[in-house]
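Working notes for the structure below.
The values are calculated or read from the model by the stated rules, or taken from the named source; none is laboratory data. The shown structure was predicted, so the numbers you read here are calculated from the model rather than taken from an experiment. Backbone-built Cβ (ideal geometry, glycine too); neighbour counts: all protein chains shown.
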Amino acid sequence: MVVHAKQLLLTVVVTVFFARAGTQQLLSLPNCPTKCGSVTIPFPFGTTKDCSLDSTFLINCNKTSSTSTHVPFLPQSNQSVLNISLDGELRVAWPVASDCYAEKSEQVNETYWDINMTHFSVSSTRNKFVAVGCDTLALLATYDSEGKNYSTGCMALCNRLNDIVANESCSGTGCCKVSIPQDHVLTKVTYGTLGVFNNHSAVHDFNPCGYAFLVENGAYSFTSTDLLKLEKEEFPVLLDWAVGNQTCQQAQKDLSNYACKDNKSTCYDATERSGYLCRCFNGYWGNPYLIHGCQGSVWDGNLIFSL
């Protein structure tokens, strides 16, 4: 009898598993593309006005000349989108700032960046500001939606390449990193580098340039070869997004504009910025911003495996 009960339970578990695996997940509105190139574009985001919740979530899907493939971009800042999470995260590619010098300390190239994000904010807890160089001061100026400035920076120094090879850590020798100003909704970022003492003349043979960039936590590991030339021109950065600027309690008073459309979804207030987000009930998965977007079963995984 016990054997039959276990077989029946196993049959039910397998049936539920394959039912879930075989169900096509609803990600976008009807007749709207779910992908731009290799990147999934889930609603409330969309590649046209009719396919997105509003202009906040509009994504440009453009063909690039270098790869001839379609790549999603943010219209306001023209940053390429790497990934969109329905948990309120948007992963984008941000460029590297640099300043380079000739052997006689003459500056030959300088690139700094001023990025303004109308609808999204830089995650202050899931990114770092990094500088690479041996004569490098990196500065980061951030601004909130009211224009208030919160700045930081760090200095990366070294005298010999051997000092770096023995300790390839981002602790100030050849590389430094700092946290981004926290407890603020940062919608504008300016960053760049400059030579500190001798414009790289004393270290030019192995470090002609200084670099500065924002990067997602854990997405960059410093090596001594980066001093001669940093191969990457962009790094992933996490942005925060949310629906509107109301709390859940406020938004639920106007159900016609309330974004959590599936009846198996719930609302929760965004923690990194104003607005709210939606999620499917426990035991369900999918897109809570769409009617019938949450799919699943009444079975609870913990209950099934504890029987």
Identify, from the list 257, 217, 199, 287, the residue that is modelled with pLDDT of 95 or more and outside the structural domain of residue 56 (by TED's automatic domain parsing). 217
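Table: residues versus (1) touching a strand residue (DSSP E or B) at 6+ places or on another chain (Cβ under 7 Å); (2) within 15 Å of residue 110 (Cα to Cα); (3) crowded, with 17+ Cβ neighbours inside 10 Å.
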position: 134; (1), (2), (3): yes, no, yes
position: 146; (1), (2), (3): no, no, no
position: 158; (1), (2), (3): yes, no, yes
position: 163; (1), (2), (3): yes, no, no
position: 205; (1), (2), (3): no, no, no
List every residue pair whose Cβ atoms sit under 9 Å apart, with the two residues 6 or more apart in sequence or on different chains, where the first one lies in the stretch 111-122 and is closer than 13 Å to residue 143 by Cβ and the second, anywhere, is aromatic (Phe, Trp, Tyr). 114/191; 115/94; 115/191; 116/143; 121/241
Go through the stretch 95-116 residue by residue and tally those that are modelled with pLDDT under 90 and either charged (D, E, K, R) or surrounded by 20 or more Cβ atoms within 10 Å (Cβ to Cβ) (or both). 3
Just to verify a result, which residue in the stretch 140-158, among those that are touching a residue at least 24 places away in the same chain (Cβ under 8 Å) and among the polar types (S, T, N, Q), is farthest from residue 179 (Cα to Cα)? 145
Within the stretch 224-248, count every residue that is closer than 25 Å to residue 195 by Cβ and either aliphatic (A, V, I, L, M) or in contact with a Gly (Cβ under 9 Å, 6 or more places away or on another chain) (or both). 5
Can you confirm whether residue 114 is in a loop (DSSP other than H, G, I, E, B) and of a type in the set (D, E, K, R)? no
Before we move on, is residue 282 outside the structural domain of residue 79 (by TED's automatic domain parsing) and more than 30 Å from residue 107 (Cα to Cα)? no
When you go through 85, 80, 98, 123 one by one, which is the residue that is polar (S, T, N, Q) and more than 17 Å from the chain's Cα centre (by Cα)? 98
Residue 256: closer than 24 Å to residue 179 by Cβ, among the hydroxyl-bearing types (Ser, Thr, Tyr), surrounded by fewer than 21 Cβ atoms within 10 Å (Cβ to Cβ) and out of contact with any Ser or Thr (no Cβ under 6 Å at 6 or more places or on another chain), yes or no? no
Picked from the stretch 117-132 (must be not aliphatic (A, V, I, L, M) and not in a loop (DSSP other than H, G, I, E, B)), the residue nearest to residue 236 (Cα to Cα) is 127
Here are some residues: 150, 143. Which one is touching a His at 6+ places or on another chain (Cβ under 6 Å) and not in a loop (DSSP other than H, G, I, E, B)? 150
Tell me, please, whether a residue that is at pLDDT 95 or above and loosely packed, with under 12 Cβ neighbours inside 10 Å can be found in the stretch 63-84. no
